[in-house]
Amino acid sequence: MIIKLPNGLFPFQREASLKLLDITSNEKSKQTVVMKSPTGSGKTLILIDFIDEYLYNVNNKTAFIWLCPGKGNLEEQSREKMDKYGAQRSTQNLFEALLNGFTAESTTFINWELVTKTGNKAITEGEKKNLFDRIAEAHRAGISFIVIIDEEHSNNTAKANTIINAFSPKHVVRVSATAISNSRFEYFEIDETDVIDEGLITSAIYVNEGVEDGMEIKDDYDCLLELADKKRKEIALRYKEKVTDKIIRPLVLIQFPNGQPETIEAVEKKLADMGYTYDNGMVSKWMSEDKRDLTADLTKNDGTPVFLLMKQAISTGWDCPRAKILVKLREGMSESFQIQTIGRIRRMPEAKHYNDDLLDFCYVYTFDEKFKAGMLQEEDRAYIPRRLFLKEKCKSFELEKQIESTQYGGLGERDVLQKIYNYYVTKYKLGKDKEQNKKLLHELGGYIFGDKIINKFVGGVYVLTDSLSESDEYKTAYKNVDGRNHRIYLLHSLENISKSILMQRDSLQVILERLFRKQFAISPHKLVSLDTREYLAFIVNNERLIKNDLDTVTGEIIEQLSFKTKPQKFTFKIPEQCFYKYDPSVKNETEYSKNAYEGYTSGFATTVVRSVCELLFEQHCESREDIDWVYKNGDSGQQYFSIVYYQGMGKQRLFYADYIVKKKDGTIWVIETKGGESKGKDKNIDKQIANKFIAFKQYAEEHNLHWGFVRDKDNALYINNTEFCEDMADEHWVPLKEVF
């Protein structure tokens, strides 16, 4: 066990170390072990103890590879801790390993970016070959490898997987504060309450203390920064009262999702007005492209800076126990929140509680509508990418594909305005009475009117970090619209809507103003008449509703033959190699001999990586004797087969049909799969299904191809290649085996 800690490990740490030892020493255990370790639980010490115990008790002819994310120099910090607390175990970095090799009982600390980042020159091609030589050399010497992946959520990629596989490790130990249970891995987690009980992290997280439900706010940034500074001063004063033998200066982290210059400048100005600047040493900045006044004592308890401006760059791999308050700013309306960032403010500066809520809590101030755990979802981490190579018989296949023409921009602004106007009038039964229209939009569509921007935010005390991302209890704050200060919100909302419907933001703004803003009084398309402040609040508060309605307009059927501008045409050939998602938990794996790629198996066609309809279709093709090969097309990218269609506003968009099938008689089929029906409910979520169907039909007729839309119902497949109808009860949907 660790011999250089005065009091040894905490019981939960020792228990975790022994759990890792039990799993990795059991021949029946799965190769990958996942440990969920809350930030602040001392995972580095746990891993150091595990390494020491494994080498002493299980197999001393083992070399450990400790992989860390590229942010925060975590590999250097981890190595320093092992050198300080470990039992004289050998440590090295990657370059030393290239020089000396991977020896028994060594631990090599490697920054992921040295081996995976495109363009990184830290390892040349020759040195990469040398890396593999060193690995082979170790294997020949009878040395086994165990790979430890610190902050495992940070590098779940094909390149990372290649590096891991190169070591042919006996076990892979993945550790993260946001790990997710998966049946194909060994999994256990450290109870966060155990970490709290030992005083290593704060007893709770207080979100938006002092922000009352229904309060009016003039400016987001001013309000949050003032609240944070007030709390910082309270904590600093209490430390002076409670801790008399040393200085503990609480640090406020200010997090910018994207770090837009105007946002940073606004915060810097506000801090300067409050008396905090770079010049007087009270402010530091740590962003990937801009590090300023990062003092040597920044992470020490008595460090000088009291505000640190940051992006996501230090969401992992950074230890500053005096960090006590997080201000999470918005630059748009729906940025992702990385829950790991909370871990930066949960550590206790002296690894103990003070029996004082002010000091034993940490504090978050934000007006984000919802906390989101900024981590991969379970379905995204339940597969691994694998490269497959095309069969020789498929290499000569060619088919014409289309991409958008650069000479046509869609319907004119006037026509788009008319379509949107007609949609709103029809859907919400609107007329000429502007006030009555407001009532109808509110009652039938949920649209909000007024001159205040509405903020919904989380508030309250939370013990467990994960509970933040799951919270669905919100308070509401209102901001009186200030055209100068809040115009940025309007621009973000317009940008989000315009991306969804493929329209220039300026054109969208003109159209929305003609529909809803009083300024354009002579417009015959005026639905409601809002003044400038009301209009700004209307767009911001109703962004989601407007986007959904305009998405529906783009999905309206448009005559695909009515445009003279033809798409560009190119020759499509099936890519000679392709990455497909593979489900390693597949059972009774069988080869899919009909697939166009060598080595394609049922592991590439499970519900983890395919929709139900795709899964059923691939199984159907595999069972057919008359099929020569099946190619699964990509979803986007110039190397894949695409057809141009027109969405409801006349914009050209690309449609990637799911499958190309060649039968043994030479017949070519192109198939698109869509969500079908389940328990009487429509599973299709594609609003463009009708326009794609029409364009697909036209393309197939021009190229003399067989084609069809395929959907599933009651575990059976149906095809339609005649007339579009979304209702699967319609006669145009017939059993697949009758046509295909």
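The values are calculated or read from the model by the stated rules, or taken from the named source; none is laboratory data. Bear in mind the structure is a predicted one, so any value in this text is a computation, not a measurement. In this analysis, Cβ positions are derived from the backbone assuming ideal geometry, glycine residues included, and neighbour counts consider all displayed protein chains. All accessible areas refer to the heavy atoms of the entire protein, side chains included, with ligands and DNA or RNA removed. Shrake-Rupley method; radii C 1.70, N 1.55, O 1.52, S 1.80 Å.
Structure notes:
- Selection from region 636-669 of residues that are more than 30 Å from residue 418 (Cα to Cα), basic (Lys, Arg) and not in a loop (DSSP other than H, G, I, E, B): 662, 663
- Only a single criterion out of (1) touching a Pro at 6+ places or on another chain (Cβ under 7 Å); (2) of a type in the set (D, E, K, R); (3) under 30 Å from residue 217 (Cβ atoms) is not satisfied by residue 534, namely (1).
- Residues that are open to solvent by 50 Å² or more (accessible area, probe 1.4 Å) and touching a Leu at 6+ places or on another chain (Cβ under 7 Å) within region 236-273 comprise 238, 242, listed in sequence order.
- Region 181-207, subset part of a loop (DSSP other than H, G, I, E, B) and in contact with a strand residue (DSSP E or B) (Cβ under 8 Å, 6 or more places away or on another chain), residue farthest from residue 364 (Cα to Cα): 184
- Being open to solvent by less than 30 Å² (accessible area, probe 1.4 Å), under 16 Å from residue 401 (Cβ atoms) and of a type in the set (D, E, K, R) is a property that does not hold for residue 712.
- Cβ-Cβ distances below 8 Å connect the following pairs, each with a first residue in region 495-514 that is crowded, with 18+ Cβ neighbours inside 10 Å, a second residue that is modelled with pLDDT of 85 or more and assigned to a loop (DSSP other than H, G, I, E, B), and a separation of six or more residues or different chains: 514/525; 514/526.
- Contact annotation: residue pairs with Cβ atoms under 7 Å, 6 or more positions apart or on different chains, pairing a residue in region 227-239 that is over 11 Å from residue 274 (Cβ atoms) with a partner that is of a type in the set (Ser, Thr, Tyr), are 227/365; 231/363.
- Qualifying positions in region 430-468 - open to solvent by 50 Å² or more (accessible area, probe 1.4 Å) and in a strand (DSSP E or B): 452, 456, 461
- Here region 607-635 is the region considered, the condition is being in contact with a Gly (Cβ under 9 Å, 6 or more places away or on another chain) and part of a loop (DSSP other than H, G, I, E, B), and the residue that is least open to solvent (accessible area, probe 1.4 Å) is 609.
- Taking region 682-709 as the range and being among the charged types (D, E, K, R) and either touching a helix residue (DSSP H, G or I) at 6+ places or on another chain (Cβ under 9 Å) or surrounded by fewer than 18 Cβ atoms within 10 Å (Cβ to Cβ) (or both) as the test, the residues that pass are 682, 683, 686, 687, 701, 702.
- Matching residues in region 430-464 - criterion: being acidic (Asp, Glu) and in contact with a helix residue (DSSP H, G or I) (Cβ under 7 Å, 6 or more places away or on another chain): 451
Rundown of residues vs (1) surrounded by 22 or more Cβ atoms within 10 Å (Cβ to Cβ); (2) touching a Phe, Trp or Tyr at 6+ places or on another chain (Cβ under 7 Å); (3) closer than 24 Å to residue 137 by Cα, yes/no style:
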site: 31; (1), (2), (3): no, no, yes
site: 41; (1), (2), (3): yes, no, no
site: 56; (1), (2), (3): no, no, yes
site: 60; (1), (2), (3): no, no, yes
site: 63; (1), (2), (3): yes, yes, yes
site: 77; (1), (2), (3): no, no, no
site: 83; (1), (2), (3): no, no, no
site: 88; (1), (2), (3): no, no, no
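- With respect to being within 32 Å of the chain's Cα centre (by Cα), open to solvent by less than 60 Å² (accessible area, probe 1.4 Å), over 30 Å from residue 367 (Cα atoms) and at pLDDT below 90, residue 555 fits the description.
- Hits in region 651-676 (condition: surrounded by 19 or more Cβ atoms within 10 Å (Cβ to Cβ) and of a type in the set (Asp, Glu)): 658, 672
- Candidates 119, 101 - the one that is modelled with pLDDT under 65 and either over 29 Å from the mean Cα position of the chain (by Cα) or surrounded by fewer than 13 Cβ atoms within 10 Å (Cβ to Cβ) (or both): 119
- Any hit, region 286-293, residues being open to solvent by less than 50 Å² (accessible area, probe 1.4 Å), of a type outside the set (Lys, Arg) and at pLDDT below 80: yes
- Condition met for residue 144 (in contact with a strand residue (DSSP E or B) (Cβ under 9 Å, 6 or more places away or on another chain) and modelled with pLDDT of 90 or more): yes
- Test result for residue 639, modelled with pLDDT under 90, over 24 Å from residue 548 (Cβ atoms) and under 29 Å from the mean Cα position of the chain (by Cα): yes
- Residue match in region 349-363 (condition: surrounded by fewer than 21 Cβ atoms within 10 Å (Cβ to Cβ), among the basic types (Lys, Arg) and either outside any loop (DSSP other than H, G, I, E, B) or at pLDDT below 80 (or both)): no
- Listed by first and then second residue, the pairs linking a residue in region 574-597 that is closer than 13 Å to residue 393 by Cα to a residue that is in a strand (DSSP E or B) and β-branched (Val, Ile, Thr), with Cβ atoms under 8 Å apart and 6 or more places separating them unless they lie on different chains, are 574/660; 594/627; 594/630; 595/630; 596/630.
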